[in-house]
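The values are calculated or read from the model by the stated rules, or taken from the named source; none is laboratory data. Note that the structure is predicted; figures quoted are calculated from it, not measured. Methodologically, a virtual Cβ is constructed for each residue, glycine included, from the backbone with ideal geometry; neighbour enumeration extends over all protein chains shown.
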């Protein structure tokens, strides 16, 4: 390659990796091998893949963290906006690449939002007048102008993450790398963040590299999807072609967004990207009167009661409205129930009261046996130095952690930590298992695993109650849905009825097929009159391949 | 001007210069981001320790955490963990004329930890180190009694100092005993964890970071 | 465990509050300068009339800045300390010529006389410490630590960033700890020891440190340089507080030169209380209270 052509190729390439390999120094973490990637200016690139496939390493490369912060063995070539990765570290690259990570809490340095957003510019040595303008403009552009005078420790996770994004883009870098930015957010805040990214990309031409477990929401924004597998790039294609490619490989079907899966199961090709295209593709194919397998199913009204709450009320001293307000709820053995509602509707308080770690102001809680509660963050449970000290062997084995006894719990992956926390909570076989928002930051594959696990527990007679924002997950495992608002039950019934309305508390399939009661792609496909039962049950290669 | 006021002003000037020198020292070591974050977390941990044990006068793990930080991270970071612990915790308690004194006293505790690491080649006995922590508690008391005598006491500094020493003796002994017990229980474990953090971040850099003149090491 | 957590929450809720008063409007460094000037008055003048005026000025400023509750809370806690100092002095010193009680005996101290001068001076010491506490409480509740550390970034940028990060970490780690305490109760069977939970919390904090280091790097920490002074942002409140500070320093100097508001502790208590002494003390009080008197509270959006 001549020098001239090299310069030319770099003028529009924001991130250029040529046969780039990286290994972390101590064998921890997952490196990448022989990655060649050229991201053009203005592209919106979605990066997907299993956890541990090297997504994070790739994104860390864009900011120079790999290799400069971590150290390690590097080979090949890489550059960011024409700056050689070998020479320029994260400090110099800060002006060219903004980076956003998972947990907003640890990405905030300053006590007030204004100072936080100004911080990178101060480091880069901008004039104070220019800083003031940039901070104001960035905040207004991201819709957080009203937060500028607030203290960072008073903000919600969603607000914090937008402040973090503002700090990442305030220097107007041509590239932003985001590593699972929505994994700690609820779906509404996550969608807001993605919408902001779409504006950044569309209005200002910022190049975006996004890895996210909710990548399906970002798919319709993307120009390009890169799938990582075991440290190298497996697929690099436009979204439509990407969907076609993974539809052709059954072992990668978990990556299909629900709308695409619905279309695949219904024999629609090519697979549409995003809800709007899917709606168009489905058109008027709905077979009126078909039974998605959910409609009309009623919940058992008898059976052993596992947990009964009567007239439970609780208020927190710093809030005027009660968190839980004269609430009655009966949970039966072997039943899978999902508890949904907005933030602050009382879901977490209800679970804590049911477990007995929070005493209600009034009302009674009666449980037929032990009650186990898995809190939102599995890290809250990890206190020992070895996995074997956290839970007994039989419990570890049950959750697939038999070989992990000697490891440090903090070295486990997110999914393994979640299973370990479950092993801790489930070690004495509680009659009722309560889970608070268990799917944050989980990809579809792991959510399916968890749904299977919960269903198998329910089959053995455990009553399972999950509080979640995640309608797709709810549809995977639950038979009953309870909606909470202001600490009271506003709807309670079979999940197809409660979530089938196609509005806020609904799955993507329910939104495409409102009022039919279909929640999952499988149910939707049955409704759309799939070409054959085989297609409904999972042989898709024929359809798209 | 009274001799008392002279004492106050002289001590203020002296403290200010020592603290400024300490900050400049830390600044000159150009701590990398991971050191800054580790120091900040240790400070926050020590501050929370002080807040949690606020109901029990002088029984708190703060001094031990500072000493351990000095032991595991070295001289300048140890000093800065100590002095920032005083500064930051007083945002939650009360800033006052005692703040610089506490910054100095805890900063010295951090230095003490680093000295122990240097003198013992990183391996003091558990009990020996616990005793050193206890002694640090007493030393901290001496500094703070001097501060009280100068800031709040009357015209006779020396007498006030002895009065404060006698008055605070039970508290200082409690501080020393608590330091001893806290270190005996948790000290070696925390040191191990901190050292692991440091080990984990030792950078192995086979490629030439700043000198692309040696591309052979990269290929 | 819960009682401890509650105490922690209470402690965390004390501190800076932006209530829009003049001291909250002014820059952190300027307010610190004003507090030091006021503290200097207290350090250099033991005359109780001066102390009383300074105390009034501090309370008045606290009232006008909406932090009187915080200040009185601190004074309530500090009252026993002041009382103790008032009691200790007669025991500690044998100076003074008016003996009130002779030949008292106490263990450790031995035989001693209680003099009127020592009692007087003890009362003044106690009162003075309360005034100091009032000034400190005013300072803690009106100076934004974040702004203060920001001004430290003009001198010592890495220490200031470290301190800012530590301030930021305190509530984060406290929240982690509380969640872990709840998780401990959610475990079946015998709950693990507190020591184990603390160990876990410490390990988790160190993980947080690693993550935070990444964020610092991507914000360009490696290039961090001292902040430049931003003079355009000075506003009315800054000038009022600054003038008050210089006024106080001028008054202190004038007082030292002319020997106004003098005070003798021993052998006889002599309090300068002529008309000019009182006028001088009043001048100090008025100059100190001036910013709070002249600048109205701004209850809307700040800055």
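Some points to look at:
- In the condition set (1) at pLDDT 85 or above; (2) surrounded by fewer than 24 Cβ atoms within 10 Å (Cβ to Cβ); (3) more than 25 Å from residue A:129 (Cβ to Cβ); (4) more than 12 Å from chain C (Cβ to nearest Cβ), residue A:186 is compliant with all but (1).
- Residue that is nearest to the chain's Cα centre (by Cα) [pool: residues in segment C:144-161 that are under 21 Å from residue C:214 (Cα atoms) and more than 10 Å from chain A (Cβ to nearest Cβ)]: C:160
- The residues on offer are C:128, C:168, C:199, and the sole one that is outside the structural domain of residue C:93 (by TED's automatic domain parsing) and either surrounded by 21 or more Cβ atoms within 10 Å (Cβ to Cβ) or at positive phi (or both) is C:168.
- For the criterion of being under 22 Å from residue C:221 (Cα atoms), modelled with pLDDT of 90 or more and out of contact with any helix residue (DSSP H, G or I) (no Cβ under 8 Å at 6 or more places or on another chain), residue B:20 passes.
- Among residues of segment C:268-279 that are in contact (Cβ under 8 Å) with a residue 12 or more places away in the chain, those with a beta-carbon under 7 Å from a residue that is in a strand (DSSP E or B) at least six positions away or on a different chain give the pairs C:271/C:263; C:272/C:263.
- Among residues of segment A:104-153 being without any contact (Cβ under 8 Å) to a residue 24 or more places away in the chain and closer than 23 Å to residue C:209 by Cβ, the one that is farthest from the chain's Cα centre (by Cα) is A:122.
- So residue A:213, is it under 20 Å from the mean Cα position of the chain (by Cα) and not assigned by TED's automatic domain parsing to the domain that holds residue A:33: no
- Residue count for segment B:3-48, restricted to those that are buried (at least 16 other Cβ atoms within 10 Å of the Cβ), outside any helix (DSSP H, G or I) and in contact (Cβ under 8 Å) with a residue 40 or more places away in the chain: 1
- When the test is whether a residue is part of a loop (DSSP other than H, G, I, E, B) and away from chain C (no Cβ under 14 Å), residue B:141 does not pass it.
- When every residue of segment A:131-151 is checked against the conditions, none turns out to be facing chain C (nearest Cβ under 10 Å) and on the phi > 0 side of the Ramachandran plot.
- Extreme residue, farthest from the chain's Cα centre (by Cα), among residues of segment C:251-261 that are surrounded by 14 or more Cβ atoms within 10 Å (Cβ to Cβ) and either away from every other protein chain (no Cβ under 12 Å) or modelled with pLDDT under 80 (or both): C:260
- For residue C:69, the test of being more than 16 Å from the chain's Cα centre (by Cα) and more than 13 Å from chain B (Cβ to nearest Cβ) is failed.
- Listed by position, the helices (runs of 4 or more DSSP H) enclosed by segment A:112-206 that each have at least 1 residues that are closer than 26 Å to residue A:376 by Cα, in contact with a strand residue (DSSP E or B) (Cβ under 8 Å, 6 or more places away or on another chain) and assigned by TED's automatic domain parsing to the domain that holds residue A:94 are A:157-169.
- Residue check, residue C:181 over 28 Å from the mean Cα position of the chain (by Cα), surrounded by fewer than 22 Cβ atoms within 10 Å (Cβ to Cβ), without any contact (Cβ under 8 Å) to a residue 40 or more places away in the chain and more than 7 Å from chain A (Cβ to nearest Cβ): no
- Residue B:66 at the interface with chain C (Cβ under 9 Å from one of its Cβ atoms), closer than 19 Å to residue C:165 by Cα and assigned to a helix (DSSP H, G or I): no
- Any chance residue A:101 is at pLDDT 85 or above, within 20 Å of residue A:168 (Cβ to Cβ) and facing another protein chain (nearest Cβ under 8 Å): yes
- Residue check, residue A:196 within 25 Å of residue A:93 (Cα to Cα) and over 21 Å from the mean Cα position of the chain (by Cα): no
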